[in-house]
1. Give me a count of the residues in the range 139-173 that are of a type in the set (Ser, Thr, Tyr) and loosely packed, with under 15 Cβ neighbours inside 10 Å.
2. Let me confirm something: among Arg108, Arg123, which residue is more than 30 Å from Glu72 (Cβ to Cβ), out of contact with any Asp or Glu (no Cβ under 8 Å at 6 or more places or on another chain), of a type in the set (Lys, Arg) and surrounded by fewer than 20 Cβ atoms within 10 Å (Cβ to Cβ)?
3. Would you mind stating whether Thr66 is modelled with pLDDT of 55 or more, surrounded by 14 or more Cβ atoms within 10 Å (Cβ to Cβ), hydroxyl-bearing (Ser, Thr, Tyr) and not in a loop (DSSP other than H, G, I, E, B)?
4. Being farther than 26 Å from Ile150 by Cβ and modelled with pLDDT of 75 or more narrows it down to one residue among Ala163, Ala198, Ala193; which is it?
5. Consider the range 85-105. How many of its residues are in contact (Cβ under 8 Å) with a residue 40 or more places away in the chain and open to solvent by 50 Å² or more (accessible area, probe 1.4 Å)?
6. What do you reckon, is Leu80 part of a helix (DSSP H, G or I) and over 17 Å from Pro140 (Cβ atoms)?
Amino acid sequence: MSRQPTDADELAGDASVGRGLLDEEMGPSGAMAHLYRGEVHRMKLWRERLDRTTNWAVLLLAAILTWAFTNESNPHYVLLIGNLAVGLFLVIEARRYRAYDMWRSRVRTLQRNVFAVGLDPTREPADDWRRRLAADYHQPALKISAEEAIAHRLRRVYLPLLAILNGAWVLRVTAFGPAEWPASAGVGMIPGAVVTGAVALAFAGTVFIAVKPRRWRAHDELRTEDLRNPHE
C-alpha cells in the first residue's frame with residue numbers, strides 16, 4: 001500500500017524523490033530498479049578488471065624477485081626492468097580506474113538521492129542531481145584526470161609494490177653484488193652512481209605523485225572507517 005506524504009517529505013528538498021520506491025506495487029520490474037541493477041553490473045565488471053591487473057602485477061613481482069635472488073650471477077637490472085613493467089600495469093589500471101569511477105559515481109548518485117531518500121524521507125537529495133545525471137547519460141564523460149587515477153592506484157596498491165622492488169634492488173646491489181657499491185649498481189657503460197641516482201629520483205617522483213595535496217574529484221571513496229554504529 002502506498003504511503004501518504006508526511007511533513008518530513010515536505011521538509012526534504014524534493015519530496016517526490018523515492019516516493020513509492022519501496023512499495024510492493026513497484027516490484028522488480030520498475031525502470032529505476034533495472035537502471036540501478038545495470039549500473040551495479042557495469043561497476044562490478046570494471047572492478048573485476050582492476051583486480052585482474054593488480055593480480056598480474058603481483059605475480060610479475062613475485063616472479064622477478066624469485067629469479068633475481070636465485071643465483072648471484074643473475075643481473076640486478078632485471079629488478080629495474082620490473083619497475084618498468086609494474087609501471088606499465090599502473091598506467092593500464094589507472095585508465096581502467098577512470099572508467100570504473102564513471103560507473104561507480106552513477107551508482108552512488110542513485111543510492112544517495114533515490115534509495116537513501118526513499119528509506120529516510122528526512123534526508124535531502126543533492127541539488128540538481130537529476131539534471132546532472134541526465135547530462136551524464138546523454139553524454140558520458142570521464143570525471144577524474146589521469147594523474148588523479150594514478151595517484152589513487154599508487155596509494156592503494158602500486159606504491160608498496162614499487163617500494164618492494166626498489167628495496168630488493170638496493171639489497172641486491174649492496175649485499176649480493178660482485179663489487180662494492182656503488183660500482184655494483186652499474187649497468188653496462190652507465191656508472192653505478194648514475195643508476196642509483198636515477199632510481200632514487202624516479203621513486204621520489206612516484207612518492208610525490210601519490211602524496212601530493214590535491215582536490216580529489218573521485219567522490220564517495222571509503223577513505224575512513226566507521227566501526228561503531230552512531231545509533232547504538
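The values are calculated or read from the model by the stated rules, or taken from the named source; none is laboratory data. Computed from a predicted structure; not experimentally measured. Counting neighbours? That spans all protein chains shown, and the Cβs are built from the backbone with ideal geometry, glycine included. Surface areas here come from the heavy atoms of the whole protein model, side chains and all, with no ligands, DNA or RNA. Shrake-Rupley method; radii C 1.70, N 1.55, O 1.52, S 1.80 Å.
1. Filtering the range 139-173 down to residues of a type in the set (Ser, Thr, Tyr) leaves 145, 158.
Pick out the ones that are also loosely packed, with under 15 Cβ neighbours inside 10 Å and you get 145.
Final tally of qualifying residues: 1.
2. Numbers: Arg108 fails: out of contact with any Asp or Glu (no Cβ under 8 Å at 6 or more places or on another chain).
Every option except Arg123 fails the conditions.
3. Details: modelled with pLDDT of 55 or more: yes; surrounded by 14 or more Cβ atoms within 10 Å (Cβ to Cβ): no; hydroxyl-bearing (Ser, Thr, Tyr): yes; not in a loop (DSSP other than H, G, I, E, B): yes.
So Thr66 fails the test.
4. Numbers: Ala163 fails: farther than 26 Å from Ile150 by Cβ; Ala198 fails: farther than 26 Å from Ile150 by Cβ.
The match here is Ala193.
5. So the count comes out to 3.
6. Values: part of a helix (DSSP H, G or I): yes; over 17 Å from Pro140 (Cβ atoms): yes.
When the stated conditions are applied, Leu80 passes them.
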